[in-house]
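So the structure is just underneath, and the comments pick up after that.
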Amino acid sequence: MKNVKRTLAGIIAVIAVMTSAVSCKKNVTGNLSVESSEKPIAMLPETSEEIGEPADISGTEIVWLSDYDLNPTEEGGSRSVALSLFEDVFGGKVKFVYTPAEEKFTRLESMILSGEEVDMFEYDTSAVPDGVKKNLYEPLDPYFNSLEINSGIWDDMSDVIDAFEYDDKHYVIPYSLSNPVVLTYSRKMIEENELDDPYELYKKGKWDWDTFMKMMEKFKENTGGYGINGYVGESLIHSTGFNIVKYQNGKLFNNVAVAPIKEAEAFMQEIANKNLYLSYRNDSFPSGKSTLFFAAPFWTIGVSNVRCPDMDFTAVPFPKYPKADGNYVVCDFDAKMLVKNSKKGDAVATYIKCERFAEIQEEYEEPKKEQALLPQTNGVGAVISQLTSEQYDILQEYTDPSVIKPVVDFAYGMGDAMYSSAGSEGIIDQIEKNMLLSGGTFEVWRDLRDSCAKAIKQEIKRLK
């Protein structure tokens, strides 16, 4: 039987031989340690002795319900570092049960209700609080020993983990951040218009709303073009550091009427009224040098590189709200959920720990980067996206929680009435539409705020 209490050196020795066969997509830098942290995560047990030893999960098979396989070797792919660790070091196994993406929640509920075995599921923004209230997930707190939560490997994620705490439990333990929403811009256009480089301003602590607005205004004066295009509203609101729905002391609170969010709405209105916003939604940087900034998830930069070559693209976080304590970033959280009624919590927790090991181990920096820099092609072999080495390095910076402040807002997990990206308009969608797209007045914002407050109150009541 395998001994799961291995030293770091032992783990590295086992996984070092896997490097050439690994394909990974992202990384958060850090240092791996198996020693107890002197500063454990808040609300967690104070010492490793209180947690106990990690469980031996050798021979345990967990059922993974998803639209993609964690082990694509049969289709010519390679095992990930995380899966290799889980199987070869800890002795676990993963059984893949396929479901179409659009049916995955229906299938999950059906399997839970019928008593069919299912253990692990992909994290989605709807997980907390909506998924928890629907009894889809179990908390991971009883399995902190298998997560080795106080070993030091989670230190730089501790604030993020605490932000996901709900009903005094931890249902979501993110092992990394990904896909931040950023402002893409062309350094070539910046030079042509004699503007200061936004990234340099950001590094100097001078990248805020005021600088951002002046830069867009000067570009419009120079060219007659637009200041910005893309997905602006949510990131601008969250750049204040305030959530639309706040969770505190075990309760959800409507935060839509607080002064910083009001200021964000006023800023959106100013952008719209000065005709700085190009409302047509693109999936890459607008062609023709008509727009200074493109607001979108980081992955779009690779597409922009291919469609607009020789533009020298880079990216900067959304500008800092002048009263905020840093740059707040909207991003994805990479996590796996323990499914309700699963009897294999220790094995799922061990798999999550393996994902964390894979994210922070320095030996995999270069292989991950090499994989990320490969051109992405379509079905006929045409290149559709490709990152540069510099862009990849910047992505690591913008997914490092010690550098940026990721936003956790339970508003996105309160159902379609609050937020929907599948066609229907939730409350958050309405805020952007009415203030940024139409340049609404203060009266429009006041009426919208009041109607949103009522809707948010109803959703909070539903989730009690």
Item to check | Scan of segment 174-222 for residues that are of a type in the set (Val, Ile, Thr) and under 29 Å from Met157 (Cβ atoms), ordered by number | outcome: Val181, Val182, Thr184
Next on the checklist: Restricting to segment 288-297, name every residue that is surrounded by fewer than 24 Cβ atoms within 10 Å (Cβ to Cβ) and closer than 24 Å to Glu200 by Cα.
Outcome noted: Lys289, Ser290, Ala295, Pro297
Checklist outcome for this item: For strands (runs of 3 or more DSSP E) lying entirely in segment 245-334, having 1 or more residues that are basic (Lys, Arg), in the same structural domain as Ser451 (by TED's automatic domain parsing) and within 29 Å of Gly413 (Cα to Cα) picks out 245-248, 251-254
Next on the checklist: Looking at segment 174-186, I want the residues that are closer than 10 Å to Tyr398 by Cβ and have a partner that is acidic (Asp, Glu) and surrounded by 22 or more Cβ atoms within 10 Å (Cβ to Cβ) with Cβ atoms under 9 Å, at least 6 apart or on another chain. Which pairs are those?
Outcome noted: Val181/Glu234
Checklist entry - Any idea how many residues of segment 87-104 are under 20 Å from Glu117 (Cα atoms), surrounded by 18 or more Cβ atoms within 10 Å (Cβ to Cβ) and among the hydrophobic types (A, V, I, L, M, F, W, C)? => result 1
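One line per residue, one yes/no per condition, for (1) crowded, with 21+ Cβ neighbours inside 10 Å; (2) touching a residue at least 12 places away in the same chain (Cβ under 8 Å); (3) among the aliphatic types (A, V, I, L, M):
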| position | (1), (2), (3) |
| --- | --- |
| Asn243 | yes, yes, no |
| Gln248 | no, no, no |
| Ala259 | no, no, yes |
| Glu265 | yes, yes, no |
| Met268 | yes, yes, yes |
| Tyr280 | no, yes, no |
| Asp283 | no, yes, no |
| Trp299 | no, yes, no |
| Ser304 | yes, yes, no |
Checklist entry - Any chance segment 212-229 includes a residue that's within 22 Å of Asp325 (Cα to Cα) and either assigned to a strand (DSSP E or B) or of a type in the set (Val, Ile, Thr) (or both)? => result no
Item to check | Residue tally, condition surrounded by fewer than 19 Cβ atoms within 10 Å (Cβ to Cβ) and not acidic (Asp, Glu), over segment 203-224 | outcome: 12
Checklist entry - Of the residues that make up segment 377-387, is at least one at pLDDT 95 or above, closer than 28 Å to Ser158 by Cα and touching a strand residue (DSSP E or B) at 6+ places or on another chain (Cβ under 9 Å)? => result no
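So, in segment 180-194, how many residues would count as being buried (at least 20 other Cβ atoms within 10 Å of the Cβ) and not in a helix (DSSP H, G or I)?
So the answer is 7.
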Checklist outcome for this item: Among the residues of segment 146-177, the number that are of a type in the set (S, T, N, Q) and surrounded by fewer than 20 Cβ atoms within 10 Å (Cβ to Cβ) is 1
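The values are calculated or read from the model by the stated rules, or taken from the named source; none is laboratory data. Since this is a predicted model, take the numbers as computed values, not measurements. Neighbour counts run over all protein chains shown; Cβ positions are idealised from the backbone, glycine included.
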